Each structure stands twice: as structure tokens, then as C-alpha cells.
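The values are calculated or read from the model by the stated rules, or taken from the named source; none is laboratory data. Every value quoted in this text rests on a predicted model; they were computed, and no experiment measured them. Here Cβ is always computed from backbone atoms with ideal geometry, including for glycine, and neighbour counts include all displayed protein chains. To get the accessible areas, we keep the full protein, side chains included, count just its heavy atoms, and leave off ligands, DNA and RNA. Shrake-Rupley method; radii C 1.70, N 1.55, O 1.52, S 1.80 Å.
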Amino acid sequence: MDMHTVVVGTSGTTAEDVVAVARHGARVELSSAAVDALAASRLIVDALAAKPEPVYGVSTGFGALASRHISTELRAQLQRNIVRSHAAGMGPRVEREVVRALMFLRLKTVASGHTGVRPEVAQAMADVLNAGITPVVHEYGSLGCSGDLAPLSHCALTLMGEGDAEGPAGTVRPAGELLAAHGITPVELREKEGLALLNGTDGMLGMLVMALADLRNLYTSADITAALSLEALLGTDKVLAPELHAIRPHPGQGVSADNMLRVLAGSGLTGHHQDDAPRVQDAYSVRCAPQVNGAGRDTLDYAAVVAGRELASSVDNPVVLPDGRVESNGNFHGAPVAYVLDFLAIVAADLGSICERRTDRLLDKNRSHGLPPFLADDAGVDSGLMIAQYTQAALVSEMKRLAVPASADSIPSSAMQEDHVSMGWSAARKLRTAVDNLARIVAVELYAATRAVEIRAAEGLVPAPASQAAVAALRAAGAEGPGPDRFLAPDLAAADTFVREGRLVAAVEPVTGPLA
């Protein structure tokens, strides 16, 4: 476990801290300011709880049952019951990193002092994270409105010592046993606390933050693979000139063109349009790579702005305001996050699509400008990378289905009280699949392009130094070069790992300098 410590204050958190806690096991501590804010807001809730007038979430039922005033002796039961009844998820377990992000982001809002939760509840949340205890959370149960209710409820259930959770050793056990083994006392919830633990966009936000981190790497990797494909196809790098991109000043487009240009610096393969097979222009999938990759980069930047706003937010209902009021609101609605999750699935699908088109061009002897059919060693006897492109095409086809927006749908719930929902959790879940697929798609292009570059090198053409570095690193990672047919799946798996772990970017940057 990483010994890095993330301090949770009253003003939100950063994307870097989310990734550190979710993926790298960073420890969590509450700041003294957060503890003070928690205590102050709790005094307000306790004062309201003592009054005869009903206050939503403090002394009433929930959702469509909010009209019932709950007597003092039943309020602890009310808070337990909302957690138990809302822990109604079904389907496969979601990933450990998603659950850790979910818990950490709920703690972020609790620590803001706007929820009325006691400091000891927040401390218990931090203790569970630090102990490496991961509640069992299921795939289905959130509509992305009133928060990620079912997923957060399964996390709250663990705090109460109920339900199942995974220990740091990876074994699923009753949560009460795991808490006891780590010296954590189960929480006894009081007024508003059960509700405050459930009302957040934390699951969809955590998945957005991690998807952005992964996509940043994949977009830079795709700039590199596009450059390698351009080089292998004997294309021209003149289309990457900065003055061309300056007259259409989309920021991401210029960044992608610059990345590609730096990868191709010193290449002996580019600019052969007037040789034996003259071309006036390269195909769109080659020539327009900066425009497509760049538009995706700009979309990532917009999504990061939305994520940053949400990371600075306190999402609960009702909330405790600095002047002492406790007011109902609709801040739990997931629409802002859901929209960008769907937007990212669209641009990821399009990036995958253009990668596949370049791969197909590398394999087609009628369009590859002298490369052997399917980059095979002895075409006819060998099939080369024919079926690697089939696999890539199947992934692209699924990406197109995953690009259909979840946020365009809504199914009313809670007896029409919650009559419009965001489906943001569903948008986040399909984006995770899309990001996984995109890494595989980029890996197939990389595998094909490096083989094609090596074939050109064997013919006496000298690849760019950055291309040579990429080829050498990929081969050292276990993805072999040209030759007779062999069991291909392990090579593709090695290329996939190489790309998703950021090793492609790391391989070329010593030559190119840092890429954006």
C-alpha cells in the first residue's frame, strides 16, 4: 500500500487525490478544519431534531414518503432502515478501485460540513478506506439521481457492520468481522446520517476521474500510433506543419499535430508521394488524424472542467448552510456528470474507428504502397495480421454501441417523486468498457504499424529515432516482430498491456521530449 497520505478538507478534492486513493491505496486523513466543520454542522442538525416541526431527512421519511413525521424514538431505526432497504444492488461486483473512489468522494462531501454528519462517522469512513476494506457493490442499482443510491448504500452498510466486504487480502467476508479484525467500531447512525451517506454523484464522478486519467494516456498513445502508421504508409508529414493548424486554432488539434511531428522527426520514410506510386494526398484516416485526435482532446478538457467543479461540490439533500438553515435542493442530480461521460464514450468510439481504418490500410496490399498482404511473411501460407484486424473491428463495433448515450434515457421512480433521472451511473459503467476497448484497439494499430515500419527498415528505409525506440520497447515487452505465423493472442495482449500502462509514451519521450 502506498504510504502517500491525502488530507481531506472542507473545500473538495483533486482528481490526482481520487486516483491516489482509488488505485494506489493512499491513506486518508481528515483535516482539523474538516473536523471542526463537521462538529459545527452537527450542532445545527441536533437543534433541528429537537424541534417539533418536521425537517426533511432529519425527522421525516424519504422520497415519496417524505410527508410522514418520524417520532424521536424511531429516528435511529429510520436511518438504519434507509441504508438496509437501499442496499438493493444486483449483478456482478464492480471493481475495487471504483468502490474506493465512491467511498472517498462521499467522505469528501461529508467533510465539507454541509451534511450534518458527526465527525466520528467521517472518521470511520476514513478508517475503512485505510484498512483496505472494500464493500461489495453491484453493477445495477443506480439511476444517477438522488445520487448513486444503491452503490453508496452498500458502502454505508459496511460502516454499520452489515453486509459483505472484501478484506485487504482479497477475501470476501461479513463486514462486521472485517471491521472487528481492524479495530473499527460499527457506526450507529443518527438523524440525517443515513441519508447523507447515500445522496451523491460519487460513483459516476469517480469513474469519470479515472476514465480521464486513462484517456489522457490513450490519446497520446494514439498520436504516436498514428505517426507510426503515417510513416509505414510512406505518407507526408507536411500536413502536420504548425502553420496549417494555426489557421484552425482548436487547441487539441495543434497538440496532436505537434506530437505526431515530433515522433516523425528524422524519418527516412515520410514524403514519398512522388515515388513509384504517386499520391497527391494521404487518406483521411492518415491526413486527418490531428483533427480527430485533437477534437477528442478538447472534449477531455471540457469533461475535466466538469469533473473539477463536481470535485469542489458538496452534493447532498438536504444541506446545512453556513447561516444555519437546512434546505432541500436538487444538487444530487447527475446530469452534468452523465452528459460528459456519454460525450467521452462518443469520442473514444471515433478514435477507435480511425485507428482501425489505418490498421486496415496497412494490411491491404492495394492501399499500403508496397507492404506485403496482411504484413504476412509468406502471404498465402501465412495469414499475417488478418485476424488481428477482425478483433480490432469487433472492438470498434462494440464501441459504437457503447457510444449510444445513457443520459438521453430516464425512467421515473419513487412513485413519480423522482420523475426524471440522469442514468449517469450507467453512462460511467459503459465508458469504463469503452476505455478498456480503446486500449486494445490502439494496441492492435501499434502492433501492425511497428511490424510495417520494420518491414520498411528491412528494405533500406530508415525510420524516425522515436519510431525505432517504440519498436524496440514493444519487442522487449514480449510482442514479437515480423516473421512466420505464430500464436498471435499473446503478442496482442503484450501490446495491450504496453499501451495501457503508458509504456509506449514512456518509450518515445526520451527521444521526442515530453508529449502532451
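Go through the stretch 336-346 and count every residue that is open to solvent by 20 Å² or more (accessible area, probe 1.4 Å) and either among the aliphatic types (A, V, I, L, M) or under 23 Å from residue 149 (Cβ atoms) (or both).
Pass one, the stretch 336-346, residues open to solvent by 20 Å² or more (accessible area, probe 1.4 Å): 336, 339, 343, 346.
Checking the rest, the ones that are also either among the aliphatic types (A, V, I, L, M) or under 23 Å from residue 149 (Cβ atoms) (or both) come to 336, 339, 346.
Within the stretch 336-346, residues that are open to solvent by 20 Å² or more (accessible area, probe 1.4 Å) and either among the aliphatic types (A, V, I, L, M) or under 23 Å from residue 149 (Cβ atoms) (or both) number 3.
How many residues are out of contact with any helix residue (DSSP H, G or I) (no Cβ under 7 Å at 6 or more places or on another chain) and under 12 Å from residue 229 (Cα atoms) when one looks only at the stretch 447-464? Break it down stepwise before answering.
Filtering the stretch 447-464 down to residues out of contact with any helix residue (DSSP H, G or I) (no Cβ under 7 Å at 6 or more places or on another chain) leaves 457-462.
Those left that are additionally under 12 Å from residue 229 (Cα atoms): none.
Counting residues in the stretch 447-464 that are out of contact with any helix residue (DSSP H, G or I) (no Cβ under 7 Å at 6 or more places or on another chain) and under 12 Å from residue 229 (Cα atoms) gives 0.
Is it true that residue 356 is open to solvent by 50 Å² or more (accessible area, probe 1.4 Å), in a helix (DSSP H, G or I) and acidic (Asp, Glu)? Show your work before the answer.
Working: open to solvent by 50 Å² or more (accessible area, probe 1.4 Å): no; in a helix (DSSP H, G or I): yes; acidic (Asp, Glu): yes.
It is false that residue 356 is open to solvent by 50 Å² or more (accessible area, probe 1.4 Å), in a helix (DSSP H, G or I) and acidic (Asp, Glu).
Could you grab the pairs with beta carbons closer than 9 Å, sequence gap of 6+ or different chains, first residue in the stretch 495-506 and surrounded by fewer than 20 Cβ atoms within 10 Å (Cβ to Cβ), second one charged (D, E, K, R)?
Sorted first by the residue in the stretch 495-506, then by its partner, the pairs are 497/503.
Taking the stretch 226-263 as the search range and keeping residues that are under 17 Å from residue 292 (Cβ atoms) and among the β-branched types (Val, Ile, Thr), which one is surrounded by the most Cβ atoms within 10 Å (Cβ to Cβ)?
263
Among (1) touching a residue at least 24 places away in the same chain (Cβ under 8 Å); (2) open to solvent by 10 Å² or more (accessible area, probe 1.4 Å), there is one condition residue 156 misses while meeting the rest; what is its number?
All conditions pass for residue 156, except number (2).
Scan the stretch 196-219 and give yes if some residue there is open to solvent by 10 Å² or more (accessible area, probe 1.4 Å), under 15 Å from residue 95 (Cα atoms) and touching a helix residue (DSSP H, G or I) at 6+ places or on another chain (Cβ under 8 Å), otherwise no.
Just the residues of the stretch 196-219 that are open to solvent by 10 Å² or more (accessible area, probe 1.4 Å), to begin with: 212-214, 216-217.
Filter again for under 15 Å from residue 95 (Cα atoms), leaving none.
Scanning the stretch 196-219, I find no residue that is open to solvent by 10 Å² or more (accessible area, probe 1.4 Å), under 15 Å from residue 95 (Cα atoms) and touching a helix residue (DSSP H, G or I) at 6+ places or on another chain (Cβ under 8 Å), so the answer is no.
Considering 75, 106, which residue is in contact (Cβ under 8 Å) with a residue 24 or more places away in the chain, farther than 30 Å from residue 20 by Cα and not hydroxyl-bearing (Ser, Thr, Tyr)?
Working: 106 fails: farther than 30 Å from residue 20 by Cα.
Going through 75, 106 in turn, the sole match is 75.
Conditions tested, residue by residue: (1) farther than 13 Å from residue 221 by Cα; (2) surrounded by 15 or more Cβ atoms within 10 Å (Cβ to Cβ); (3) at pLDDT 95 or above; (4) small (Gly, Ala, Ser).
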residue	(1), (2), (3), (4)
419	yes, no, no, no
434	yes, yes, yes, yes
441	no, yes, yes, no
470	no, yes, yes, yes
493	yes, no, yes, yes
510	yes, no, yes, no
513	yes, no, yes, yes
